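**Student:** Just dropping this structure here.
The values are calculated or read from the model by the stated rules, or taken from the named source; none is laboratory data. Keep in mind that what you see is a predicted model, and the values were worked out from it rather than measured. A quick note on method: Cβ atoms are made from the backbone with ideal geometry, for glycine too, and the neighbour counts reach across all protein chains shown.
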Amino acid sequence: MSVDSARADVSELFDADLIPVIRRLGERRRGDSGLTDTEGAGTRLAVWQGLAGVGVMDLALPSLGGGLRAIAPVAELMGTALYQSPFFDTVMAADLIAAAGLDPEGELAGRVADGSATIAVAAREQAADDLLQPAALEIASGDRVLVSGDRRFVAFAADVDYLLAVGLAAGQAGPALIAVVVPADQPGVTLRRHDDLGRGDLYHVRLDQAACVPAGPDGRGWPGPGTDLPGLWRQVLARAQLRLACYLAGLSHGAIDLTAGYARERQVFGQPLAKFQAPAFRLAALAARLEAVRALAHRACEDGDEGDDIALGACQALLLAGDLAADASAEAIQLHGSYGLTEDCDAQLFYRRALVDALLLGTRRQLRRQAAGLAAVRSGPAGRGRGRGEAADASS
Amino acid sequence: MRLAPVAGTRLTEDQRAFEADVREFLSGAEVRGAVERIRRCPPEAEPGLLDIYRWLGARGWLAPSWPREYGGLGLGAAESAIVTEQMCLAGVPDDAHVLSIDIVGTFILHIGTDRQRQRLLPPLARGESIATVLFTEPGCGSDLSRLRTTAEPAGEAWRLQGTKVYNQKTQFGDMALCAARTSEHQVPWAGITLFLLPLVSPGVTITPIENLTNDRFHEVTIDGVELGPDDVLGPVGDGWQLLNEMLVLERTGIDFHAKLRRWLDSVAAEGSEAGWAEEFAELDARLAAARALAWRVIAGLGAGTPDPALAAMSKWYASEQAAGVARFGLQTRGLAGALSAWDPEAPDLGLVEAACRYAPTHRLGSGTSEVMLYIVASTRLGLL
């Protein structure tokens, strides 16, 4: 299936009629601690199967012929539709699994490709954890590898087939980063649904001697010796940050578009709200910021597909996209007036999701620190004597 | 409404080689020395027709997208943008370059007659002549439909009468692109015509107006100057439409971005210290986004698909970062940042002090922020 036709099919799936329905999928009542969303389960499954059927995983994964450039517009569409799914985690997990050689036969990759296997990334023990330095996991190696540890804010843990647990485990040479694939449906895995602002599917996962898939070259469950897992994890995280930045750009577009549409219809003081400069200029400024973020994110996608180091660009794109999504969705509520606060109006939905989704791969502070570190490397001894702008040109 | 696709912006091999050549030349001792002399020039002096322009012109780099017969290299929008970006990064003043090549030269190239092109373009491309613009008047700025300068028909000729203000580099210019009213109509934007006005003419009086920056404004009084048919640019009465069409071709945001990048680079050492690093990282991210957006606009120009709304977004986004970058420089440097180039203790020859004076001009020049937002709101969002 060609990238173009797959992308066209996705775009058809997320058509103007279906988008409002998709936005409400996975929306739970406050205080609902049930593990599965029984109401929308059928539609959710149908959308997921539709996406897998048109080859969305092929678009996302280099191992399947896709890449960042190919998936960026799809990630944006998902953002505009506020599509809640295990998609982003599954892609991130599959990316690491492929890069680290955890699935040498490609058995899991095959099932990921056709949509029959989904994976959640479980890397955060505490909310404030820095994903570049995941917290501890306990590993017991006997006949089988067993993993124990707490993981929070794991997306769609109740829906997925596997968890990719990432963390530091004790090794002969001190703590080392490991990544293990854990089947989700087993007694060693217990879940509690968080009740969060986004009212989405984030879970506290407790791993208690949970059996791992005997993956990797020696079947132990983690990458073989000589694999630079921390390096691969950084790259995988950067690519995931870019996909999330695109999702948040799409979300911002959805919020701006919804609000501009409302402003054209809503009559105030004898004319449409859209005729007033104050709201029009605020929306225009958000639209300009949106295209700046998209330009940065898509360029980093292009560079990433060419094999360039995109850690800084990805981090910058996510930082700006997160801010924009929060601002655009808050403006959506403001310009809808009190109607924007109601459950009927998507403005509040954009707002809640934007605030939560922008945190998934790092807080503002973490992203700013990460970017500062990477910028310092760029302008380090090797970069001295050239302006930063010129150093950035090295990859242009 | 669907999001528009984002075109690729990576440079080709040839363009990268061109960029490397331009950068190497501009970082050479000759150019660096010339830039330093400009930065140290006394308060009463002002850079005009620079040696650097002539050096670039001799290589065909001042207007690389122009055909060779007019002094260019027959290259594209990307190469033009590369020169502009690298000039700004190297601290070469680019106002006269933008005015002469990107605005007046581009107008002549696209809508001029063969005679006008042959006569006027080569000296501009060689960096031997400066052309400037006379649009704004005491009573009209962003709204050019209010302009009052008139051009009365006098047989085959036109007689111009009026006052223009806030134009720059006029004291160094040989010619100016001047908008004047050739007929009165019910609709105010009808009847405007573009003229190529020789600045050294009896009847043209140029008076400097000091302002916040080192680049003076001028008031130009045009008192009965007679111009012939060969001094009219484009069809008579089409000025309004031509201005709207042609000014977009100059608007990419790349020059605005590159100037800010130079300001931020100036305080990179202080900015990466603890306590400042995170704020620095955020400004750095915004400038990276401004640059990426500018190159998207340039890619569109190169592909022959200019997007005026995207260009307005790019100009707005880049220029709106100016205040933040200038103030960051001032905060990281403290009072030392307030020292001007004429103070022997000023760090980096007073670049932060200059940045603070130039920052407000970014939101005003080449179309104000409000005009940019108006374009975006009306043509992209269906508002207003």
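**Student:** Specify the residue that is surrounded by the fewest Cβ atoms within 10 Å (Cβ to Cβ); the eligible residues are those in the stretch A:134-154 that are touching a Ser or Thr at 6+ places or on another chain (Cβ under 9 Å) and at pLDDT 95 or above.
**Tutor:** Filtering the stretch A:134-154 down to residues touching a Ser or Thr at 6+ places or on another chain (Cβ under 9 Å) leaves A:137-140.
Imposing the further condition that a residue be at pLDDT 95 or above reduces the set to A:137-138.
Numbers: A:Leu137: 25, A:Glu138: 14.
Going through the qualifying residues, I end up with A:Glu138.
**Student:** Got a sec? Which of B:Leu49, B:Leu11 is crowded, with 18+ Cβ neighbours inside 10 Å and in a loop (DSSP other than H, G, I, E, B)?
**Tutor:** Numbers: B:Leu49 fails: crowded, with 18+ Cβ neighbours inside 10 Å.
Going through B:Leu49, B:Leu11 in turn, just one is crowded, with 18+ Cβ neighbours inside 10 Å and in a loop (DSSP other than H, G, I, E, B): B:Leu11.
**Student:** Which one is surrounded by the fewest Cβ atoms within 10 Å (Cβ to Cβ) among residues in the stretch B:201-217 that are within 26 Å of B:Asp238 (Cα to Cα) and not polar (S, T, N, Q)?
**Tutor:** Taking the stretch B:201-217 as the starting set, the residues that turn out to be within 26 Å of B:Asp238 (Cα to Cα) are B:201, B:203-204.
Checking the rest, the ones that are also not polar (S, T, N, Q) come to B:203-204.
Working: B:Gly203: 14, B:Val204: 20.
Per the stated criteria, the residue is B:Gly203.
**Student:** Filter the stretch B:14-28 down to residues that are at the interface with chain A (Cβ under 9 Å from one of its Cβ atoms) and touching a residue at least 40 places away in the same chain (Cβ under 8 Å) and give me whichever is surrounded by the most Cβ atoms within 10 Å (Cβ to Cβ).
**Tutor:** Only one residue tops the list, namely B:Glu19.
**Student:** State which residue is farthest from B:Ala45 (Cα to Cα) when the search covers only the stretch B:225-250 and only residues that are in contact with an Asp or Glu (Cβ under 9 Å, 6 or more places away or on another chain) and modelled with pLDDT of 95 or more. Can you show your working first?
**Tutor:** Applying the first criterion (in contact with an Asp or Glu (Cβ under 9 Å, 6 or more places away or on another chain)) to the stretch B:225-250 yields B:228-229, B:248-250.
Checking which are modelled with pLDDT of 95 or more leaves us with B:228-229.
Details: B:Gly228: 35, B:Pro229: 36 Å.
Top of the filtered list is B:Pro229.
**Student:** Test B:Ala294 against the criterion of being farther than 24 Å from B:Leu247 by Cβ and out of contact with any strand residue (DSSP E or B) (no Cβ under 9 Å at 6 or more places or on another chain), and give yes or no. Quick ask: steps written out before the conclusion?
**Tutor:** Numbers: farther than 24 Å from B:Leu247 by Cβ: no; out of contact with any strand residue (DSSP E or B) (no Cβ under 9 Å at 6 or more places or on another chain): yes.
When the stated conditions are applied, B:Ala294 does not pass them.
**Student:** Can you tell me which residue in the stretch B:112-121 is surrounded by the fewest Cβ atoms within 10 Å (Cβ to Cβ), limited to those that are out of contact with any helix residue (DSSP H, G or I) (no Cβ under 6 Å at 6 or more places or on another chain) and not basic (Lys, Arg)?
**Tutor:** Once the filter is applied, the top-ranked residue is B:Asp114.
**Student:** Further question on the same structure: Any residue in the stretch B:150-175 that's free of Cβ contacts under 8 Å to residues at least 24 places away in the same chain: show its pairings with residues that are aromatic (Phe, Trp, Tyr) and surrounded by fewer than 23 Cβ atoms within 10 Å (Cβ to Cβ) at Cβ separation under 6 Å, as long as the two are six or more apart or on different chains.
**Tutor:** none
**Student:** Which one is nearest to the chain's Cα centre (by Cα), of the residues in the stretch A:259-278 that are more than 8 Å from chain B (Cβ to nearest Cβ) and assigned to a helix (DSSP H, G or I)?
**Tutor:** Taking the candidates together, the pick is A:Thr259.
**Student:** Further question: Based on what the data block shows, is A:Arg7 charged (D, E, K, R) and surrounded by 20 or more Cβ atoms within 10 Å (Cβ to Cβ)?
**Tutor:** Spelling it out, A:Arg7 is indeed charged (D, E, K, R) and surrounded by 20 or more Cβ atoms within 10 Å (Cβ to Cβ).
**Student:** Can we say A:Ala46 is farther than 21 Å from A:Leu360 by Cα, free of Cβ contacts under 8 Å to residues at least 40 places away in the same chain and away from chain B (no Cβ under 14 Å)?
**Tutor:** Details: farther than 21 Å from A:Leu360 by Cα: yes; free of Cβ contacts under 8 Å to residues at least 40 places away in the same chain: yes; away from chain B (no Cβ under 14 Å): yes.
So A:Ala46 fits the description; yes.
**Student:** Residues of the stretch B:356-370 being within 14 Å of another protein chain (Cβ to nearest Cβ) and surrounded by 17 or more Cβ atoms within 10 Å (Cβ to Cβ), which ones? Please lay out each step first, then the result.
**Tutor:** Within the stretch B:356-370, the subset within 14 Å of another protein chain (Cβ to nearest Cβ) is B:363, B:367-370.
Residues satisfying the conditions are B:Arg363, B:Gly367, B:Ser369.
**Student:** Where residues in the stretch B:53-73 are of a type in the set (A, V, I, L, M) and under 28 Å from B:Asp265 (Cα atoms), which of them is surrounded by the most Cβ atoms within 10 Å (Cβ to Cβ)?
**Tutor:** Keep residues of the stretch B:53-73 that are of a type in the set (A, V, I, L, M), which gives B:56, B:58, B:62-63, B:73.
Remaining after also requiring under 28 Å from B:Asp265 (Cα atoms): B:56, B:62-63.
Working: B:Leu56: 27, B:Leu62: 28, B:Ala63: 30.
Top of the filtered list is B:Ala63.
**Student:** Of all residues in the stretch A:347-377, which are crowded, with 22+ Cβ neighbours inside 10 Å and not aliphatic (A, V, I, L, M)?
**Tutor:** Matches in the stretch A:347-377: A:Phe350, A:Tyr351, A:Arg353, A:Asp357, A:Gly362, A:Arg368, A:Gln370.
**Student:** Just for the stretch A:62-79: of the residues that are under 13 Å from the mean Cα position of the chain (by Cα) and either of a type in the set (Val, Ile, Thr) or at positive phi (or both), which one is farthest from the other protein chains (Cβ to nearest Cβ)?
**Tutor:** So the residue we want is A:Ile71.
**Student:** Can you name the helices (runs of 4 or more DSSP H) wholly within the stretch B:322-379 that have at least 1 residues being touching a Gly at 6+ places or on another chain (Cβ under 7 Å), under 22 Å from B:Ala288 (Cβ atoms) and at pLDDT 95 or above?
**Tutor:** Working: elements: B:322-333, B:351-362, B:369-379.
Per the criteria, B:322-333, B:351-362.
**Student:** Given the stretch A:26-114, what helices (runs of 4 or more DSSP H) lie entirely inside it while holding 2 or more residues that are surrounded by fewer than 20 Cβ atoms within 10 Å (Cβ to Cβ)? Spell out how you get there, then give the answer.
**Tutor:** Details: elements: A:41-53, A:56-60, A:68-80, A:87-99, A:107-113.
In the stretch A:26-114, the matching helices (runs of 4 or more DSSP H) lie at A:41-53, A:107-113.
**Student:** Looking for something away from chain A (no Cβ under 12 Å), of a type outside the set (Phe, Trp, Tyr) and in contact (Cβ under 8 Å) with a residue 24 or more places away in the chain - is there at least one such residue anywhere in the stretch B:276-295?
**Tutor:** Of the residues in the stretch B:276-295, the ones away from chain A (no Cβ under 12 Å) are none.
Scanning the stretch B:276-295, I find no residue that is away from chain A (no Cβ under 12 Å), of a type outside the set (Phe, Trp, Tyr) and in contact (Cβ under 8 Å) with a residue 24 or more places away in the chain, so the answer is no.
**Student:** With the checklist (1) within 23 Å of B:Ile82 (Cα to Cα); (2) buried (at least 21 other Cβ atoms within 10 Å of the Cβ); (3) charged (D, E, K, R) in hand, flag the one item B:Glu353 doesn't pass.
**Tutor:** Failing condition for B:Glu353: (1).
**Student:** Only residues in the stretch A:89-109 that are closer than 16 Å to A:Gly65 by Cβ count as the first member; pair them with residues that are acidic (Asp, Glu), Cβ under 9 angstrom, at least 6 apart or cross-chain, and list the lot.
**Tutor:** Close Cβ pairs satisfying both conditions: A:Ala94/A:Asp103; A:Ala109/A:Asp103.
**Student:** A:Gly40 is checked against (1) within 14 Å of chain B (Cβ to nearest Cβ); (2) free of Cβ contacts under 8 Å to residues at least 40 places away in the same chain and fails just one. What number does that condition carry?
**Tutor:** (1)
Table: residues versus (1) in a helix (DSSP H, G or I); (2) surrounded by fewer than 18 Cβ atoms within 10 Å (Cβ to Cβ).
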{"site": "B:Leu75", "(1), (2)": "no, no"}
{"site": "B:Ala78", "(1), (2)": "yes, no"}
{"site": "B:Val92", "(1), (2)": "no, no"}
{"site": "B:Ile103", "(1), (2)": "yes, no"}
{"site": "B:Phe107", "(1), (2)": "yes, no"}
{"site": "B:Ser142", "(1), (2)": "no, yes"}
{"site": "B:Ser145", "(1), (2)": "yes, yes"}
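**Student:** With the requirement that a residue be part of a helix (DSSP H, G or I), within 12 Å of another protein chain (Cβ to nearest Cβ) and either in contact with a Gly (Cβ under 6 Å, 6 or more places away or on another chain) or at pLDDT below 95 (or both), what does the stretch A:303-348 give you? Even if it seems obvious, please write down each step before you answer.
**Tutor:** First, the residues of the stretch A:303-348 that are part of a helix (DSSP H, G or I): A:303-305, A:311-341, A:346-348.
Pick out the ones that are also within 12 Å of another protein chain (Cβ to nearest Cβ) and you get A:303-305, A:312-324, A:335.
The answer is A:Asp305, and nothing else.
**Student:** Here's a follow-up. In this structure, does B:Val31 turn out to be crowded, with 18+ Cβ neighbours inside 10 Å, away from chain A (no Cβ under 11 Å) and within 21 Å of B:Leu56 (Cα to Cα)?
**Tutor:** Details: crowded, with 18+ Cβ neighbours inside 10 Å: yes; away from chain A (no Cβ under 11 Å): yes; within 21 Å of B:Leu56 (Cα to Cα): yes.
So B:Val31 fits the description; yes.
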